[in-house]
Amino acid sequence: FHPVSKKMYHPNPKAKHGSATRIAYLPDSMEGNQLLKRLKYAFEHGLTFTVGTSVTTGISDSVTWSSIHHKTCLRGGIHGYPDANYFMNCNSALDNLHVPPADRL
């Protein structure tokens with residue numbers, strides 16, 4: 001994301017936020033590809049990121065992940081694989097945001 005002015009619903013509207021690069025991983029499987037469709041829908045509808053204070057850096061007016069869980073590491077840990085509950089947790093978050101099921105996208 002490039003620095004741009006924020007929307008009225010973000011903290012400090014009209015102030016610019018910093019740029020950011022984010023990478024997330026999904027397995028190349030049927031379940032992973034179905035989740036990818038839902039995550040793409042969420043991204044296209046502005047549900048993936050928000051502007052706020054970064055949990056990792058403490059910097060305000062930063063691009064941050066929203067309520068949808070993403071795996072950002074391939075080697076385990078809280079944000080990585082393996083995670084037996086990831087698909088269930090991520091799909092639940094998407095359901096709560098009214099993202100349609102993959103077979104309707």
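Each value in this text was obtained by applying a stated rule to the coordinates, not by laboratory testing. Quick caveat: nothing in here was measured; it's all calculated off a predicted structure. A quick note on method: Cβ atoms are made from the backbone with ideal geometry, for glycine too, and the neighbour counts reach across all protein chains shown.
Placing +1 on each Lys and Arg Cβ and -1 on each Asp and Glu Cβ, with no other charges, gives the range 11-105 a dipole about its Cα centre of roughly 260 debye.
For Lys71, the residues 5 or more places off, or on other chains, whose built amide H falls under 5 Å of its own are Tyr25. Given R₀ = 25 Å, FRET efficiency for Thr57-Ile78 by Cβ-Cβ distance, to 0.05? Once the sixth-power term is evaluated, E becomes 0.90. Placing R0 at 35 angstrom, the Cβ-Cβ distance between Thr21 and Ser92 gives a FRET efficiency of 0.85 after rounding to 0.05.
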